[in-house]
Amino acid sequence: MADAADSTDAILQQQIAYYQARAGEYDEWFLRQGRYDHGPALNEQWFAEVEEVVRALEAFGPRGRVLELACGTGLWTERLARYTDTLTALDSSSAVLALNRARVNDPRVRYIETDLFSWQPDGEYDTVFFSFWLSHVPPERFAPFWEMVRASLTPDGRVFLIDSLFEQTSTARDHQLNGPEATTVTRSLNDGQQYEIVKVFYTPETLTAKLAPLGWQMDMHATEHYFLYGSGEPMR
């Protein structure tokens, strides 16, 4: 058991290092640039599906005090800030937090550099949001992570999440996914450096089923190819 925990800790340290080193090129993935450019047709499909997710987030309506976990370079922080009274944005990478601050430039956003697996809620939030983060939570830390999310919410608080579906053209042309049942993947930077990170794929059905025994009521959806998204709340 100790060996398995040590192995998970080692991969999570690689994951933190990977996203710190990748900060300056992270947006290439979302913007379909460089190694993530799969041609006009697939790029158009990608951005159409992004818009589907954006519309769902707008319909959900983040409000009040919002907590964003693994905020990254601010691609979603920027959108959240349009709806919220205050926004607390967490990430383990000082480099992406600096990029996020520069992009969003909003005094209502409070930034915290922290390891999300050790962070404890510092208050109650009306909305907890995370994008492309749940897939980086190891299976053995899934339940504790959702306990932390629950502890972060007000009594009528809600969650909205976005993540990746298993789709080879979602990642770089020189990356190879290991299969939908795998829990880790090897990722490389533009300079060729390689890291092993956690990557767990869900479908709306599998995630809903996994969360129900933990006391969550979820309304999950999938775009045609690329994204998992939806909202939920603790069963009350």
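The values are calculated or read from the model by the stated rules, or taken from the named source; none is laboratory data. Computed from a predicted structure; not experimentally measured. Heads up, the Cβs are rebuilt from the backbone with ideal geometry, glycines too, and the neighbour counts pull from every protein chain shown.
Within the stretch 106-128, track down each residue that is touching a helix residue (DSSP H, G or I) at 6+ places or on another chain (Cβ under 6 Å) and within 18 Å of R79 (Cα to Cα).
Y111, Y125, V128
If I ask for residues that are buried (at least 16 other Cβ atoms within 10 Å of the Cβ), of a type in the set (K, R) and not in a strand (DSSP E or B), which ones from the stretch 162-203 would you list?
K199
T208 fails exactly one of the following numbered conditions: (1) farther than 29 Å from A21 by Cα; (2) free of Cβ contacts under 8 Å to residues at least 40 places away in the same chain; (3) not in a helix (DSSP H, G or I). What is the number of that condition?
T208 satisfies all of (1) farther than 29 Å from A21 by Cα; (2) free of Cβ contacts under 8 Å to residues at least 40 places away in the same chain; (3) not in a helix (DSSP H, G or I) except (3).
Among the listed residues E68, E58, E25, which satisfies the condition of being over 25 Å from Q194 (Cβ atoms), modelled with pLDDT of 95 or more, surrounded by 15 or more Cβ atoms within 10 Å (Cβ to Cβ) and among the acidic types (D, E)?
Answer to the selection: E68.
Pairs under 8 Å by beta carbon, first residue closer than 23 Å to W76 by Cα in the stretch 133-156, partner part of a helix (DSSP H, G or I) and among the charged types (D, E, K, R), six or more apart or different chains?
F142/K210
Could you list all residues from the stretch 50-97 that are of a type outside the set (K, R), closer than 24 Å to G123 by Cα, out of contact with any helix residue (DSSP H, G or I) (no Cβ under 6 Å at 6 or more places or on another chain) and part of a helix (DSSP H, G or I)?
Passing the criteria: L57, F60, L80, S94, L97.
In the stretch 71-93, how many are at pLDDT 95 or above and of a type in the set (D, E)?
Final tally of qualifying residues: 2.
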